[in-house]
Structures are given as structure tokens and as C-alpha cells.
């Protein structure tokens, strides 16, 4: 079945460490997105990528980095520069033109 | 930037009560509109979407939404809620940009 796989489901890291969240899709979608979900804040866009080797900052990109070397993969690195990294991170993909978004099951990151 | 407002952050209803969740957006041009639901411990699921045509949209699980262009609104309705509708509901809008903009969400609790 086609879908989006985010791993791991839960992640714990010490403050000051970089951590990379995985997102893989087998839907052949061109566009991929990273959102951050916090209680009472909804989903806020971190980064998005419309095609391979291209990505754009979203509303809250500071302290994060991404790469898009393959169509199927869009990993997100939470760097030590991110002031409040503990959150639920959601990856999504779409074929483009605003249609057919599919979301992964998310990664809950806790930084201690 | 596009803003999406959900009027109610927390709603508590008894089973069989009617539901209406408000959603307003700020963009004046062509939009694609979505309602997503997140059940406890589960990932985001699409309830319904509007791209064009009939402004009254029917979705899964008995939900419907009405697009009123003059009011920049896309309210979600269900005539009779069930305990299993307890979840968080997100309105999302796609304007001329490349990603979905989400509201802050409404937490619905349905009591037996």
C-alpha cells in the first residue's frame, strides 16, 4: 500500500544535540512538507519541497534544516539552534497543485 | 500570509447533539479548503475538501461543510455526533502558495 512512513515514532535527545527525523513516501508525489504540531497551535509549516533538490522555508524554519536528494525522501534535522524543539512533527506529501495531501503518523520528539 | 481562524478551541457536546465548527480564512482569491480530523493517538485524516462547484460538501462519517465565499468561511457540521467523534478537528486552506495553512484546531469531546 502507498503511504508515508515517519520514523521513529518517539525520539528522545539531549539538549544541544542535532537529531534527524525520517520521512519516506512511496506515492510518487512530487511535493513534500514538514509541519510542527503543538497543543493549541495547530500545524505550522517548517519546510516544503516541490521537486527533488529544491526546498523552501516555511513559517518557522529557524533551527531546522532539510534535504531532498531523492523524490521519496525528505528528512528533517532539528538542530541545536532550535530553541524549543520538543514537539510533534508531521510529514506530508502531495502530487502538487494543492491536491491529495497525505500525512504520516508523526514523530514525537522530546528534548531533555 | 494567509491566516485561518477556528473560532472554538474546545467544544463539549452530548451524544446526538448537533455540531458546527467555524472556520474563516483571510485570502481573497481562489482557495482550496479542507477539514482534517485527528483521533486520539492517530494521524491526520481528511474529512472533506472543497475545490470548486457545489459549496455544500459532504465528507466521511456524516460530516459536511459549507463554503460561503462572501463570508470567507468553511464551517463543518454534523447533525448528530457520536462518542467516537471525539477528536481534534483542523481547518486548512490552500491559496496560491505551495502548502496548506492550518487553523489552530478545535478539540471536540462528546460525552455519553
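The values are calculated or read from the model by the stated rules, or taken from the named source; none is laboratory data. Only a predicted model underlies this, so the values are computations on that prediction, with no experimental measurement involved. Cβ sites come from the backbone with ideal geometry, for glycine too, and all protein chains shown count toward neighbours.
A compact table of results
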| item | result |
| --- | --- |
| Residues of the stretch B:79-112 classified as more than 11 Å from the chain's Cα centre (by Cα), part of a strand (DSSP E or B), crowded, with 19+ Cβ neighbours inside 10 Å and at pLDDT 95 or above, total | 3 |
| Hey, residue A:56 under 18 Å from residue B:43 (Cα atoms) and free of Cβ contacts under 8 Å to residues at least 12 places away in the same chain or not | no |
| Failed item in (1) surrounded by 13 or more Cβ atoms within 10 Å (Cβ to Cβ); (2) assigned to a loop (DSSP other than H, G, I, E, B); (3) within 11 Å of chain A (Cβ to nearest Cβ), with residue B:27 passing the rest | (3) |
| Boolean, residue A:49 is touching a strand residue (DSSP E or B) at 6+ places or on another chain (Cβ under 6 Å) and either free of Cβ contacts under 8 Å to residues at least 40 places away in the same chain or farther than 19 Å from residue B:97 by Cβ (or both) | yes |
| Checking residue B:17 against (1) at pLDDT 95 or above; (2) within 13 Å of chain A (Cβ to nearest Cβ); (3) surrounded by fewer than 15 Cβ atoms within 10 Å (Cβ to Cβ), the condition it does not meet | (2) |
| Test: residue A:25 is closer than 26 Å to residue B:35 by Cβ, out of contact with any helix residue (DSSP H, G or I) (no Cβ under 8 Å at 6 or more places or on another chain) and more than 10 Å from every other protein chain (Cβ to nearest Cβ) | yes |
